[in-house]
1. Starting from segment 231-245, take each residue that is more than 18 Å from Ser195 (Cα to Cα) and list its partners that are open to solvent by less than 60 Å² (accessible area, probe 1.4 Å) and not in a helix (DSSP H, G or I), counting only C-beta distances under 7 angstrom and pairs at least six apart or across chains.
2. Can you find a residue that is open to solvent by 20 Å² or more (accessible area, probe 1.4 Å) and farther than 22 Å from Ala335 by Cα anywhere in segment 84-91?
3. Among the numbered conditions (1) over 22 Å from Val367 (Cα atoms); (2) within 15 Å of the ligand (Cβ to nearest atom); (3) among the polar types (S, T, N, Q); (4) more than 18 Å from the chain's Cα centre (by Cα), tell me where Ser253 comes up short.
4. Output the residue which, of all residues in segment 1-47 that are without any contact (Cβ under 8 Å) to a residue 40 or more places away in the chain and among the charged types (D, E, K, R), is farthest from His312 (Cα to Cα).
5. Filter segment 1-29 for residues that are open to solvent by less than 10 Å² (accessible area, probe 1.4 Å) and either touching a Pro at 6+ places or on another chain (Cβ under 8 Å) or β-branched (Val, Ile, Thr) (or both) and give the result.
6. Can you spot a residue in segment 291-303 that is surrounded by fewer than 19 Cβ atoms within 10 Å (Cβ to Cβ) and either in contact (Cβ under 8 Å) with a residue 12 or more places away in the chain or among the polar types (S, T, N, Q) (or both)?
7. Quick one: what pairs do we get from segment 190-206, first residue closer than 21 Å to Lys358 by Cα, second among the polar types (S, T, N, Q) and within 14 Å of the ligand (Cβ to nearest atom), C-beta under 9 Å, 6+ apart or different chains?
8. Could you tell me which residue of segment 263-277 is nearest to the ligand (Cβ to nearest atom), considering only residues that are touching a helix residue (DSSP H, G or I) at 6+ places or on another chain (Cβ under 7 Å) and open to solvent by 10 Å² or more (accessible area, probe 1.4 Å)?
Amino acid sequence: MRTQVGIVGAGPAGLLLAHLLGRDGIGSVVVERRSREHLERRVRAGVLEQGTTDLLDTAGVGERMRREGMVHHGIELRFGGDGHRIDFAALTGGYGITVYGQQEVVKDLLAAREAAGALPLFECEDVEPAGLDGDRPAIHFIHAGERHELQCEIVAGCDGSHGVCLPSAPNGALVAYEREYPFAWLGILAEVAPSTEELIYARHERGFALHSMRSPVLSRFYLQCERDADPGDWTDERIWDELRTRLALDLASGPIVEKGVTPMRSFVVEPMQSGRLFLAGDAAHIVPPTGAKGLNLAVADVRVLAAALRDHFATGDDAGLRAYSDTCLRRVWRAEHFSWWMTSMLHRFPDGAGFEEKLQRSQLEYVVGSEAAATTLAENYVGLGTA
Ligand code: PHB
């Protein structure tokens, strides 16, 4: 097998890259470990920046998102029992966000790949990039019981935080920067109308809580929990009690159809490239979800990489590929800071009683009381931090 760009991973980054390259007449093959059903069902993030929705639109995969996505122009911060609205539109000159599930983006991209007759190879085993240091890289894998070598010019590592691409980069070439947080999020999806029009981020003595949504009949919630929490210990009753307390809200409840624990981590690898390997999305960086940036960063990486590859294959101009990592890392580090800042401001830290809590409270009061501070939050949230 031979193609121009070998892509590992059929999440949003890998699928969008394949789609954008295809529109420019550049060949690619996507190799994926999991099944199509798994990818389409996996509940992940749900907030899209305007830059993300604009790109999906221009790429011709935004039609359902425009129809079903929920456009919001603010969020609510809740602490000390009171809510405070951060008005994105007023603070950023009209910007907003679209609430639309990541797995819906994945479904739309898969439908587009299917229409192009270029679906990923699903359920591949023993996926292994090779020859990344030379000029004849390849991806080795087993598909439908047969061993394959996919020869390509470029390997795009879009295989997430536990992928095989990052570890296959030559030893010592990349430097990782990392922070773990002493808590996790319990995420749930419930068949009930949202009890709020906009997202609510709540800081409470018992821990952080978030009220998000997926549709007029589907709500998404998160609760700060122990790092090693067992979702089985969280009965439906306990979840609703805890949400009502932390959100200080008269919450409508409904059947919980999904429950999972998400670890909280900050991680960046530099540079995002080594030889013929280019990393994009979670394979290169992780943010804690409090800033709603993960999917948006992946899409931003892919936009830069697709443009650089277009130049490379059209004219042999590699300036874009050489600048890829630096270009992406500016946005990545802004999002890393914002996500760390939101996380630090809104969670209960195990050793944080006293001084730290007073600082959090003061920072929250400043953010909702000062237009300058509110603008900082708003422009980062909508994605203007590096514009
Ligand atoms: C979500 O809806 O899944 C969501 C929303 C906002 C966040 C994180 C996750 O900050």
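The values are calculated or read from the model by the stated rules, or taken from the named source; none is laboratory data. In this text, all values refer to a predicted model and were calculated from it rather than measured experimentally. We place every Cβ from the backbone using ideal geometry, glycine too, and count neighbours over all the protein chains shown. Calculation scope for accessible area: heavy atoms of the full protein, side chains included, ligands and nucleic acids excluded. Shrake-Rupley method; radii C 1.70, N 1.55, O 1.52, S 1.80 Å.
1. So the pair list comes out as Pro231/Leu186; Pro231/Gly260; Pro231/Val261; Trp234/Leu186.
2. yes
3. Exception for Ser253: condition (2).
4. Glu37
5. Within segment 1-29, Val5, Gly6, Ile7, Val8, Ala10, Gly14, Leu15, Ala18 qualify.
6. no
7. Note: pairs meeting the criteria are Tyr201/Thr290; His204/Gln224; Arg206/Gln224.
8. Taking the candidates together, the pick is Ser266.
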